[in-house]
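Here's the structure, in structure tokens; my notes come after.
The values are calculated or read from the model by the stated rules, or taken from the named source; none is laboratory data. These numbers come from a predicted model, not from an experiment. Glycine also receives a Cβ, built like all others from the backbone with ideal geometry; neighbour counts cover every protein chain displayed.
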Amino acid sequence: MMTQQARVSLAAACVAVALGGFGRTAEAAADLIIRGGPIITMEGDRPAYVAAVVVSGGKIVFAGTEVEAMRHKSRATTVKDLGGRTMLPGFVDAHSHFINAPALSRMVNVSPSPVGPGDTVQQIVATLKAWQDKAQVPEGGWILAWGYDDSMVQGGKLTKRDLDAAFPDRRVLVLHVSLHGAVLNSKALEWAGITADTATPPGGIIARGPDGKDPEGLLMETAFLPVFNRMPQPGEAEMLELLKPGQMMYAGNGYTLANDGFTHVKDIRLLQKAAAQGRLFIDITVLPAFPEMDQWLGKPEFPFGQWDNRLKLQGLKITQDGSVQGKTASYIEPLLTGGPQGQEDWHGSTTLPYEQFAKIFDTGHKAGLQVFVHANGDGAIQQVIKAAEASGLKAGDDSRTIVIHSQMQHPEDIPRYVALGLTPSYFTNHTFFWGDVHRRNLGEARAAFISPMKSAMDAGLKATNHSDFNVTPLDPFFMLWTSMARTTRSGYVLGPGERIDAYRGLQALTINPAWEYREETRRGSIAPGKLADFVIVTADPLKTPVDRIRDIKVVETIKEGMTIYVRN
């Protein structure tokens, strides 16, 4: 029998529904009411809109009709009119490298068009020369660049000889677009201790000259990791100051949560200090890097799964192969075009031998950590599946083990993901930036199934989409467009059967990555009780033609009811 209290509660709920809203309580006092344009909630599997949202104390207390929302208004309430623009929940970054953002202000962009000016070796060198003059780099000083893409450079690849001729007295390091390598000049190679006698480590590449010994300048994967760890960085005081413009890069693209996808202990400590000083105004999740597990695993100073002043250590990150565009991913079948230096029968390689990888995977899983594994090629993906099976993972365990990139999956891998509880975080920007390259390297059938977003979502997987910034730009609407259009640089549609609609594309940028971080009850959609994290944009992506999706711009970003970015 229903009690009197239950009857009263039921009656109150019915009144709320009759008024066209939900979530209202008599105690809720409105700090902010937002109205006047389409508001896409991202609640549920089908598009849903509300007319107004009420915010109190940094959280959403009501989402529904404007009439009911205005009942929360007091003299102290700010009423924000969207002016016909569209509001969405703040974007949730599924995978990028946040810690790179602050340092980018000290580096030069040599990406190929449309991201940068680096379409030829000559353009790259000229860009570096202009940077040297502008920054007044002294003799013996450093010139650092990012975005070099050997698969896009016309007329030959960048080598130390090109850099030596232009910069004989300075150290030059040009990061590969994959972030898995770099080209160094002779002065930088000398600093790094790389000589003709340096052995190429397992899982690494040291490009050699015609004699097979002299380093050409390109270092990749495990040959580059020690160099990366020693790269010149701003001092701590400067880095703390640079965190503000770094966060603004994300806020300016509508993100209210950023991710650092492979975090070294020194950077964890930096972010912890920034958090303690109140310097973080967006939320940041970090994935401590597997090579330093002995420094952070089980240490009280590195607690996982809890927020501390907008910072959370999310889980273990393991990198098990390289990049598709850099030809350093691990493949079952060889590439059609050979290896990075023309090697025949090239399958790439894994970062670690399987036994070592599986042991690290199992250690993380048994320690109760959420495990994130970078796996691009089908060879590495098969090892993730094998390690998950060996560790006893099952879907019902809710481990939320994430396979970052997961690009060259086979169709039969998807039901295995479902059974094991593996979730892919895809990288559909590859279809535009390197789709034509992948067709040459892999053949049509293999390339067409890259980042199979539709197949994964049809199977019930909460697939996400990411930029891998600074590999590709943070722009979420470019990502949305690539997931919907899958159009290459040349205009070819790569894998038309894997195109998704706008709503699913938005799920991969909002509620699904929120789920990835075990945050689905706090963010990723507009509903009472969740954080008042919003992005206001120039057009409704659900009603915008596909070819105009990437023209949508972020107008304003709101974090917990407070504006943190406004477009000029």
Condition check for GLY204: buried (at least 17 other Cβ atoms within 10 Å of the Cβ), touching a His at 6+ places or on another chain (Cβ under 6 Å) and of a type outside the set (D, E, K, R): no
Selection within region 375-419 - touching a Lys or Arg at 6+ places or on another chain (Cβ under 9 Å) and β-branched (Val, Ile, Thr): ILE385, ILE404
Among the candidates LEU280, LEU287, single out the residue that is surrounded by 19 or more Cβ atoms within 10 Å (Cβ to Cβ), in a strand (DSSP E or B) and modelled with pLDDT of 95 or more. LEU287
For region 469-497, what are the residues that are surrounded by fewer than 21 Cβ atoms within 10 Å (Cβ to Cβ) and closer than 16 Å to HIS438 by Cα? THR487, ARG489, SER490, GLY491, TYR492, VAL493, PRO496
Might you let me know whether region 323-343 holds any residue that is touching a residue at least 40 places away in the same chain (Cβ under 8 Å), within 29 Å of LEU243 (Cα to Cα) and not β-branched (Val, Ile, Thr)? yes
Determine if region 295-305 includes at least one residue that is in contact with a Phe, Trp or Tyr (Cβ under 8 Å, 6 or more places away or on another chain) and either more than 18 Å from ALA514 (Cα to Cα) or of a type outside the set (A, V, I, L, M, F, W, C) (or both). yes
Looking only at region 231-249, and only at residues there that are in a helix (DSSP H, G or I) and in contact with a helix residue (DSSP H, G or I) (Cβ under 7 Å, 6 or more places away or on another chain), the one that is nearest to LYS559 (Cα to Cα): MET249
From the residues in region 452-486 that are among the hydroxyl-bearing types (Ser, Thr, Tyr) and within 23 Å of TRP146 (Cβ to Cβ), which one is modelled with the lowest pLDDT? THR472
Would you call MET231 out of contact with any Asp or Glu (no Cβ under 8 Å at 6 or more places or on another chain), surrounded by 19 or more Cβ atoms within 10 Å (Cβ to Cβ) and hydrophobic (A, V, I, L, M, F, W, C)? no
What's the number of the only condition in (1) among the basic types (Lys, Arg); (2) more than 23 Å from ALA207 (Cα to Cα); (3) in a loop (DSSP other than H, G, I, E, B) that LYS317 fails to meet? (3)
Report the residue count in region 417-442 for those that are surrounded by fewer than 21 Cβ atoms within 10 Å (Cβ to Cβ) and of a type in the set (Gly, Ala, Ser). 2
If I filter region 443-468 down to residues being surrounded by fewer than 22 Cβ atoms within 10 Å (Cβ to Cβ) and in contact (Cβ under 8 Å) with a residue 60 or more places away in the chain, which single residue comes out as farthest from the chain's Cα centre (by Cα)? GLY443
Quick count over region 128-150, residues being part of a helix (DSSP H, G or I) and crowded, with 17+ Cβ neighbours inside 10 Å, is 3
Taking region 268-277 on its own, how many of its residues are surrounded by 18 or more Cβ atoms within 10 Å (Cβ to Cβ) and farther than 25 Å from TRP515 by Cα? 2
Scan region 344-375 for residues that are more than 22 Å from the chain's Cα centre (by Cα), in contact (Cβ under 8 Å) with a residue 60 or more places away in the chain and crowded, with 19+ Cβ neighbours inside 10 Å and jot them down. SER349, LEU352, ILE360
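Every residue, every condition in (1) in a loop (DSSP other than H, G, I, E, B); (2) buried (at least 23 other Cβ atoms within 10 Å of the Cβ); (3) over 26 Å from the mean Cα position of the chain (by Cα); (4) in contact (Cβ under 8 Å) with a residue 24 or more places away in the chain, yes or no:
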| residue | (1), (2), (3), (4) |
| --- | --- |
| PHE62 | no, yes, yes, yes |
| SER74 | yes, no, yes, yes |
| ALA94 | yes, yes, no, yes |
| ALA103 | no, no, no, yes |
| GLY116 | yes, no, no, yes |
Under 7 Å by Cβ, and 6 or more places apart or on different chains, what pairs join a residue from region 31-53 that is of a type in the set (S, T, N, Q) with one that is at pLDDT 95 or above and part of a loop (DSSP other than H, G, I, E, B)? THR41/ALA48; THR41/SER525; THR41/ILE526; THR41/ALA527
Would you mind finding the one in LEU311, LEU369, LEU316, LEU393 that is over 22 Å from ALA258 (Cα atoms) and hydrophobic (A, V, I, L, M, F, W, C)? LEU393
Are any residues in region 76-92 surrounded by fewer than 24 Cβ atoms within 10 Å (Cβ to Cβ) and part of a strand (DSSP E or B), and if so, which ones? THR78, VAL79, LYS80, ASP81, THR86
Does ILE450 meet the test of being of a type outside the set (Gly, Ala, Ser), within 20 Å of ILE404 (Cα to Cα), out of contact with any Lys or Arg (no Cβ under 7 Å at 6 or more places or on another chain) and not in a helix (DSSP H, G or I)? yes
Residue set GLY392, GLY421, GLY396, GLY379; condition out of contact with any Cys (no Cβ under 9 Å at 6 or more places or on another chain), closer than 19 Å to TRP434 by Cβ and free of Cβ contacts under 8 Å to residues at least 60 places away in the same chain; output residue GLY379
Specify which of the listed residues (ARG567, ARG518) is at pLDDT 95 or above, on the phi > 0 side of the Ramachandran plot and in contact with a strand residue (DSSP E or B) (Cβ under 9 Å, 6 or more places away or on another chain). ARG518
